[in-house]
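Have a look at the structure below, then the notes.
The values are calculated or read from the model by the stated rules, or taken from the named source; none is laboratory data. What you see is a predicted model, and the numbers here were worked out from it, not measured in a lab. We place every Cβ from the backbone using ideal geometry, glycine too, and count neighbours over all the protein chains shown. Protein only, heavy atoms only, side chains kept; ligands, DNA and RNA dropped before computing areas. Shrake-Rupley method; radii C 1.70, N 1.55, O 1.52, S 1.80 Å.
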Amino acid sequence: MASVKKYILAIESSCDDTSAAVLCNTKVLSNVVATQEIHRQYGGVVPELASRAHQQNIVPVVHQALAKANIDKKQLSAIAFTRGPGLMGSLLVGTSFAKSLALGLNIPLIEVNHMEAHILAHFIEDEEMQKPQFPFLAMTISGGHTQIVKVNHYFDMEVLGETLDDAVGEAFDKSAKLMGLPYPGGPLVDKHAREGNPHAYAFPKPKVDGLNFSFSGLKTSILYFLQRETRKNPDFVQQHIDDICASVQHTILEILMDKLVLAAEQTGIKQVAIGGGVAANSGIRARLKEAEETLGWKTYIPKFSYCTDNAGMIGIVGYLKFLEGQFTDQSVAAKARYAIGS
């Protein structure tokens, strides 16, 4: 890595978190996230409300990130931003702001793929994290995406498998909603699962060819199960919430791990990293650590703050692209669908 200090301002606005970070080379100096609470009352993210909240949050968040890093905007070397994938209205706010600021400061603009950033977050300089060696397998698990990616180098990635319908985070959140848990329900399922019996109830695992995933059938089976049991006992969910959550989580983790084990067997790669919001789940973290013992893997798990959507991960990609001179011109537009490697 270059020894000359480069300061990157990074902006992330793909969904419902407005985030700005300042990096000095690979080190995160500040990583500010403004979470939008308004979506809780609707049980999910409302795109129009998300974009409006980004408009309100982006200036104070960027100001706070610069202040926390003790950096003047004139010291910035470049501005990195999330181009996609994500909600178009949300992406437009971050993209427009980044373009305007880069133009005003006359510094380079760097576009970042949100999913590549989840993977490359592992290369942030942090004493609590180890960096994987190339090639490695990455499993990106979030509210909008579920993918297994072969990572040959920073910008040489190949998607080996992905979800055919719902993402794993969506499966967690919608299962939680069926149980009457508030949004976002994924962390609450994880919390209840720690107190329950993962083998209390059996749910079917979908039969999907290759390394692809499917979660829609599982959600349907959970719905029918809860309807059936609630007809027999109206208080069933309330009385058995821990066991239900533990069983649902166990099934989801089995689906993920089965595909990850298959990917490792097919590629011969035993270095495995995870990223995305669901990487904060205690169950998947435990299963990966277990795989180090049982399967001889070397596993890499990011800090909680780099799992969920944050600008720190956008900044590390920005810095790596800066070193390679991968800059973007002012004609760049946000992309709601933006495949890895495109």
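For the range 75-107, enumerate the residues that are hydroxyl-bearing (S, T, Y) and either open to solvent by 20 Å² or more (accessible area, probe 1.4 Å) or farther than 12 Å from I314 by Cα (or both).
Across the range 75-107, the qualifying residues are S77, S90, T95, S96, S100.
Which residue out of F225, F213, F236 is within 27 Å of the chain's Cα centre (by Cα), modelled with pLDDT of 95 or more and of a type in the set (F, W, Y)?
On inspection, the qualifying residue turns out to be F213.
Only one of A286, A279 is under 20 Å from H118 (Cα atoms) and without any contact (Cβ under 8 Å) to a residue 12 or more places away in the chain; which?
Step by step, each of A286, A279 is checked, and only A286 is under 20 Å from H118 (Cα atoms) and without any contact (Cβ under 8 Å) to a residue 12 or more places away in the chain.
Going through V93, V46 one at a time, which residue ends up being touching a His at 6+ places or on another chain (Cβ under 8 Å) and at pLDDT below 85?
V46
Tell me, which residue of the range 112-134 that is of a type outside the set (A, V, I, L, M, F, W, C) and surrounded by fewer than 23 Cβ atoms within 10 Å (Cβ to Cβ) is farthest from K73 (Cα to Cα)?
For the range 112-134, the residue satisfying everything is Q133.
A333 - would you say it is on the phi < 0 side of the Ramachandran plot, open to solvent by less than 20 Å² (accessible area, probe 1.4 Å) and touching a residue at least 24 places away in the same chain (Cβ under 8 Å)?
When the stated conditions are applied, A333 does not pass them.
Being at pLDDT 95 or above, over 19 Å from the mean Cα position of the chain (by Cα) and of a type in the set (V, I, T) narrows it down to one of V332, V317, so name that one.
After applying the criteria, what remains is V332.
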